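Read the figures in this text as sums done on the coordinates, not as results from a lab. Computed from a predicted model, the values in this text were never measured in an experiment. Here the Cβ positions follow ideal geometry from the backbone for every residue, glycine too, while neighbour counts run over all protein chains shown.
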Amino acid sequence: MDVKTFFFYLFSLVMLFAAFRVITARNPVHAVLYLMLAFSQASGVWLLLQAEFLAIVLVLVYLGAVMVLFLFVVMMLDIHIDSVRQGFWRHFPLALVIGAVISLEMAAVLFGGFRVNEARPMPDTVAQVAGQVAQASNTKELGVLMFTQYLYPVEIAAVILLIAMVAAIALTLRERRKDNKAIDASLAVRVRSRDRVQLVKLAPTQAPVPVEAAPAAPAEEAKK
């Protein structure tokens, strides 16, 4: 067993364990963390398959943005685990049937794709092209393709994303909104220390309650 095969089995085992823990973890935060671990192991498998671009995109997009967003949402939500678990065994047969159907469909697709046909001699030209493709960097080829043949679609998508980002910021920071707590930066800079805290003397709204005098202690107890 070479080093590449060892890392493939290592990443695969850890990814399968993390995927199993995603659906069996009792705590939603732990489930999200296991899902992030599964994505990281999948990116390692893609690196072994020489798909560097997909591995980097998986780490940046899913681990760096989407999963962090999921984690913050799950942590901010007040999820009652006991109420979520109610009715689990009632829906378990239907979930088991759906899971079995999905597993059979995936198995049919995978076994159909991994069938090995009879080995046929490869022509010299095809062998040369295959050797050139194996030596080329898929990230470089993808970048050249995106910024040459698909340059205008990439620029249009970038402009649309920029407009969406600016519009989201503008809608969030509108001063007309009643629930917006906007602060003028010029006023914050010119603030003085004596203006930060101001003590105001207010008149009492209720009259003080008179304290009743305690009864006098007996003479014998006073002596003791």
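A few remarks follow.
- Placing dummy labels 7 Å off each Cα toward the beta-carbon, the span from Val109 to Ala65 is 2.4 nm.
- For the pair Val29 and Gln149, the difference between a 0.36 nm per residue extended length and the Cα-Cα distance amounts to 38.9 nm.
- Peptides 60-71, 154-165, 27-38 ranked from most to least packed give 27-38, 60-71, 154-165, packing being the mean of other C-beta atoms within 10 angstrom over each peptide's residues.
- Neighbour-count order for Lys201, Lys140, fewest beta carbons within 10 angstrom listed first: Lys201, Lys140
- Estimated FRET transfer efficiency (Asn138, Val97; beta-carbon r; R0 45 Å; 0.05): 0.65
- Legend: ranking of residues Ser137, Ser186 from fewest to most surrounding C-beta atoms inside 10 Å; resulting order Ser186, Ser137.
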